[in-house]
Amino acid sequence: MIKTHKKRLQQALIIALLPILLTLSGCASLALTALSIGASTGLNHGLGGIAYKTFTKPIKTVKNASIKALGKMGVTVASKDAAKNGEETILAKTKNRDIQILLEPISKRTTRVRARAITDNYLMDQATATEILIQTERVLNGA
């Protein structure tokens, strides 16, 4: 009788946990898919819709490529500023987006880029920020 009761408890536990385990395995596959996509593009996404990428190119080269990429995307550059610490900022505008690109020199030959796009409703647009970095990379690669 004790063995039968123990076996029923085990079966009940398995039945109760099975939906949870199936749900968790789905999350793991989604996480792995997202990880592989992120790794393949080499982009880092931060909280708040900001996209980051580091290029092994001097800041001037990356700045020019960013401006050219914005032009290819039909985005109007509003201003370009340089700070004393070597960082450079590009502000751009579309019909319904404000775009900020921050270029940070890591070394003489390496530049970190942060792109941010904000809608008229003050919502962050992750897709546009990411596309700016993808297009910048294409310009740098001569595509």
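The values are calculated or read from the model by the stated rules, or taken from the named source; none is laboratory data. The structure displayed is predicted, hence computed values, not measured ones. Cβ: placed from backbone, ideal geometry, glycine included. Neighbour counts: every protein chain shown.
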*Which of the residues that make up region 74-112 are over 21 Å from the mean Cα position of the chain (by Cα) and either surrounded by 14 or more Cβ atoms within 10 Å (Cβ to Cβ) or in contact (Cβ under 8 Å) with a residue 40 or more places away in the chain (or both)?*
Val77, Lys80, Lys108, Arg109
*Give the residue that is farthest from Tyr122 (Cα to Cα), with candidates limited to residues of region 44-98 that are among the hydroxyl-bearing types (Ser, Thr, Tyr) and not in a helix (DSSP H, G or I).*
Thr56
*Go through (1) over 13 Å from the mean Cα position of the chain (by Cα); (2) part of a helix (DSSP H, G or I); (3) at pLDDT below 95 and name the single condition Gly142 misses.*
(2)
*Within region 99-137, restricting attention to residues that are more than 25 Å from Lys84 (Cβ to Cβ), in a strand (DSSP E or B) and β-branched (Val, Ile, Thr), which residue is modelled with the highest pLDDT?*
Ile118
